[in-house]
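*Asks:* Following this message is one structure expressed as structure tokens.
The values are calculated or read from the model by the stated rules, or taken from the named source; none is laboratory data. Being a predicted model, the structure only gives us computed values, none of them experimental. Cβ coordinates were reconstructed from backbone atoms using ideal geometry, including for glycine residues, and neighbour counts include every protein chain displayed. Please note that ligands, DNA and RNA were not included when accessible areas were found on the heavy atoms of the full protein model with its side chains. Shrake-Rupley method; radii C 1.70, N 1.55, O 1.52, S 1.80 Å.
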Amino acid sequence: MARIVLVHGIAQEQKSADTLEAEWLPSLAGGIRLAGDTALADAVWRDARPGDARMAFYGDLFRKEGQQGGADELTADEWALAETLAAEWLRNAASSASRETDRDRARAELAQLGGPSGEPQGVRAAARPVLNALVRLKPFARLGVAFAERVVVKALKQVTLYLTDETIRERVQERVAELIGPETEVIVGHSLGSVVAYEAAHLHGRPLPLLLTLGSPLGLRTVVYERTRPQPPSVPPGVARWVNLADRDDLVAARPDLSGMFPGADGVLDSGYTVDNGAKPHEAAFYLAKRRTGEALSRALTCGGQA
């Protein structure tokens with residue numbers, strides 16, 4: 001059981017709970033330090049006790065022994081869902097990207113995708129134009145088309161597998177539940193981990209001072225929002241405060257303000273916060289190191305979320 005439960009996001013299958021804790025905790029402490037709570041920052045990292053903060057690791061569930069990772073692992077149904085998710089990311093960029101050039105590019109790509117589709121070529125071929133449009137946008141473009149496409153497909157694959165594969169979903173939630181107990185005061189989820197954390201908070205049921213979601217796709221209505229558990233979506237019972245942060249250029253995330261999408265949000269959900277993560281808008285460490293993150297953690301861990 002842990003006081004702070006950390007839940008990672010996509011593309012962590014080659015790592016472990018220990019390596020991710022070593023990456024996250026210094027950044028987590030840094031955000032708290034920026035918020036002015038030096039004692040808590042030291043307690044979280046430099047002087048941390050066993051069990052204070054633990055990573056709920058599930059990346060290995062996406063790694064299949066003896067099989068190369070790649071797009072071929074998606075089924076036809078998963079490819080169809082991946083295409084829908086990629087299209088929603090593109091629409092999000094068209095309306096919310098911080099750079100006008102990216103907004104214009106995304107609108108142009110959407111207009112082109114709305115044209116004649118040509119001869120049917122199967123679900124994988126149907127998803128290809130959407131993927132190609134995504135990788136022409138920053139931050140993917142500077143990675144090179146081939147590498148960027150692998151990144152995008154991996155993200156799509158892991159999100160769709162969690163949302164469609166009941167066995168994976170149950171095993172992921174079991175990993176998180178192993179760390180949650182009466183002493184848990186904060187659950188922090190990044191990327192797909194924010195969806196996992198949100199659902200875990202529902203299952204937890206007991207009082208929780210803070211749910212912190214970073215770079216969250218929870219507000220992607222056509223794919224993620226309508227597949228969360230339970231339905232209809234709502235603020236998890238027992239959560240005293242829910243803080244959601246997003247970089248405007250984080251294509252994995254939904255728009256920052258989730259308040260109109262979750263009943264029970266009044267007085268609980270602090271949403272609409274935007275942060276600037278620079279060249280890596282979806283980077284977990286960059287979200288964790290922000291002052292707003294530190295403020296939310298300091299309030300929850302020193303005052304039980306009530307101050």
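*Asks:* Filter the stretch 273-307 down to the residues that are surrounded by 14 or more Cβ atoms within 10 Å (Cβ to Cβ), touching a Lys or Arg at 6+ places or on another chain (Cβ under 9 Å), without any contact (Cβ under 8 Å) to a residue 40 or more places away in the chain and of a type outside the set (Ser, Thr, Tyr) and list them by number.
*Replies:* 275, 277
*Asks:* Another question about this same structure. When the stretch 189-233 is examined, which residues are found to be touching a strand residue (DSSP E or B) at 6+ places or on another chain (Cβ under 7 Å) and among the small types (Gly, Ala, Ser)?
*Replies:* Matches in the stretch 189-233: 189, 193, 194, 197, 200, 201, 215, 216.
*Asks:* Further question on the same structure: Go through the stretch 170-198 and count every residue that is over 12 Å from residue 57 (Cα atoms), open to solvent by 10 Å² or more (accessible area, probe 1.4 Å) and either assigned to a helix (DSSP H, G or I) or among the aromatic types (Phe, Trp, Tyr) (or both).
*Replies:* 1
*Asks:* Taking the stretch 246-267, which residues are part of a strand (DSSP E or B) and either open to solvent by 20 Å² or more (accessible area, probe 1.4 Å) or in contact (Cβ under 8 Å) with a residue 40 or more places away in the chain (or both)?
*Replies:* Residue satisfying the conditions is 247 alone.
*Asks:* What are the pairs, 6+ residues apart or on separate chains, where a residue within the stretch 161-189 that is among the aromatic types (Phe, Trp, Tyr) has its Cβ under 8 Å from a residue that is crowded, with 22+ Cβ neighbours inside 10 Å?
*Replies:* Qualifying pairs under 8 Å: 162/172; 162/192; 162/195; 162/196.
*Asks:* Pull up the stretch 28-42, narrow it to residues that are of a type in the set (Gly, Ala, Ser) and within 18 Å of residue 55 (Cα to Cα), then point me to the one that is most open to solvent (accessible area, probe 1.4 Å).
*Replies:* Ranking the candidates gives 30 first.
*Asks:* Further, regarding this structure: Hey, does the stretch 86-93 have a residue that's open to solvent by 30 Å² or more (accessible area, probe 1.4 Å), part of a loop (DSSP other than H, G, I, E, B) and at pLDDT below 95?
*Replies:* No: the stretch 86-93 contains no residue that is open to solvent by 30 Å² or more (accessible area, probe 1.4 Å), part of a loop (DSSP other than H, G, I, E, B) and at pLDDT below 95.
*Asks:* Conditions: (1) on the phi < 0 side of the Ramachandran plot; (2) modelled with pLDDT under 90; (3) open to solvent by 10 Å² or more (accessible area, probe 1.4 Å). Residue 270 meets all but one. Number of the miss?
*Replies:* With respect to (1) on the phi < 0 side of the Ramachandran plot; (2) modelled with pLDDT under 90; (3) open to solvent by 10 Å² or more (accessible area, probe 1.4 Å), residue 270 is out only on (2).
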